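Asker: Provided herewith is a single structure, encoded as structure tokens, for subsequent inquiry.
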């Protein structure tokens, strides 16, 4: 039950982040508004990362002795994942900025970037599956994939419900 509550909270945080970014970038604001948007996005990302760590900790159900090994690897994963998320958020911002006047060229660039981001995310999970398997066990590594996959799908679903389709 705690896992479900935490997952819903993480979804809510991602929705707030996306809605904030979408609303503020699509309404073409001045430099001050961009600074506020960036500060808000940074705060929401920090909160989401904190909540995600709690969710992952609860879902992994590791013994105290295994937690240190797990988190040493997971922190590296999260750092790399953060870079991918920065790219994804930049792509969403670009989409919002171009939504009203979308061209085929911009749509193609956005779609290509989105596909590249998906590939990077998949490659990152594969890389860290191997690291968790080596550091701990195949079962722990598989559970890591299940947890990350579930959270990723929930966040993707939330993003898809918040971002309008191209006109």
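Only the coordinates and a few stated rules stand behind these numbers; no lab work does. Quick caveat, the model's predicted, so the values are computed rather than measured. All Cβ positions, glycine included, derive from the backbone under ideal geometry; neighbour counts span all protein chains shown.
Asker: Take the Cβ-Cβ distance between residue 156 and residue 76 as r, set R0 to 25 Å, and report the resulting FRET efficiency rounded to the nearest 0.05.
Answerer: 0.60
Asker: Additional query: To the nearest 0.05, how large is the calculated FRET efficiency for residue 166 and residue 119 if R₀ is 25 Å and r is the Cβ-Cβ distance?
Answerer: 0.75
Asker: If you take the square roots of the eigenvalues of the alpha-carbon gyration tensor of segment 43-131 and sort them as a ≥ b ≥ c, do you get rounded (a/c under 1.5), prolate (a/b over b/c) or oblate?
Answerer: Prolate, since a/c reaches 1.5 and a/b exceeds b/c.
Asker: May I ask you to list the residues of segment 145-165 whose amide nitrogen lies under 18 Å from a point 7 Å from Cα along the Cα→beta-carbon direction of residue 58?
Answerer: Backbone N within reach: 146-155.
Asker: Ok, one more. Taking 0.36 nm per residue of separation and subtracting the Cα-Cα distance, what length does fully extending residue 111 through residue 137 add?
Answerer: Extra length from residue 111 to residue 137 when fully extended: 5.7 nm.
Asker: In what order do 71, 85 fall by count of nearby beta-carbon atoms within 10 Å, going from fewest to most?
Answerer: Ascending Cβ contact count within 10 Å gives the list 71, 85.
Asker: Ranked highest first by the average count of other Cβ atoms within 10 Å around their residues, in what order do 135-148, 118-131 fall?
Answerer: Going from most to least packed, we get 135-148, 118-131.
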